[in-house]
1. Mind checking the per residue accessible area of the chain for me, 1.4 Å probe, whole number of Å²?
2. Counting only pairs 8 or more places apart or on different chains, how many lysine pairs in the chain have C-alpha atoms closer than 20 Å?
3. Suppose a student asked you for the relative contact order of the chain, using Cα pairs under 8 Å spaced at least 6 residues apart; what percent would you report?
4. Percent of accessible area on the chain owned by carbon and sulfur, 1.4 Å probe?
5. Gln83 versus Glu105, label points 7 Å from Cα toward the beta carbon: distance in nm?
Amino acid sequence: QAQLVESEGDLVKAGGSLRLSCTVSRLTFGTLVMGWFRRRALGKNRDFVAAISASGDSTDYTDSVKGRFIISRDNDKNTVYLQMNSLKPEDTAIYSCAAKFSDSELVGGYNFWGRGTQVTVSS
């Protein structure tokens, strides 16, 4: 069974930075599109944040994080990262990584999910 394990989140002040990581096991990492999603509150939808193609050549971001967040991957370490800069209180959410086998679509259709990690940004 596939495993996606996120690093621990943190409490960060507004304007600060945090890097999340997600390590994948029991899947061939180099064939996976990887994404980050967030859920701001219970009962809210899980929203797309960022994604990266299997090769790392293509990325996509939701508009609210463009210029602030960077997604990257290390295929040798089976790990995807989300560098979050200039954090805002509205970035507070549970962040989850997700994976799917490679195709041209980056935003949706994910099959495998991590449990999520809490990121809290204080004002």
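1. Values: 6460 Å² over 123 residues.
Computed with neighbouring chains in place, this is 53 Å² per residue.
2. The number of close lysine pairs in the chain is 5.
3. Working: 305 pairs, mean separation 44.4, N = 123.
RCO, the chain: 36 percent.
4. Within the chain, the accessible surface is 44 percent carbon and sulfur.
5. Reported label-point gap for Gln83 and Glu105 is 3.0 nm.
The values are calculated or read from the model by the stated rules, or taken from the named source; none is laboratory data. On a predicted model such as this, the values are computed, not experimentally measured, just so you know. Every residue, glycine among them, receives a Cβ derived from its backbone with ideal geometry; neighbour counts consider all protein chains shown. All accessible areas refer to the heavy atoms of the entire protein, side chains included, with ligands and DNA or RNA removed. Shrake-Rupley method; radii C 1.70, N 1.55, O 1.52, S 1.80 Å.
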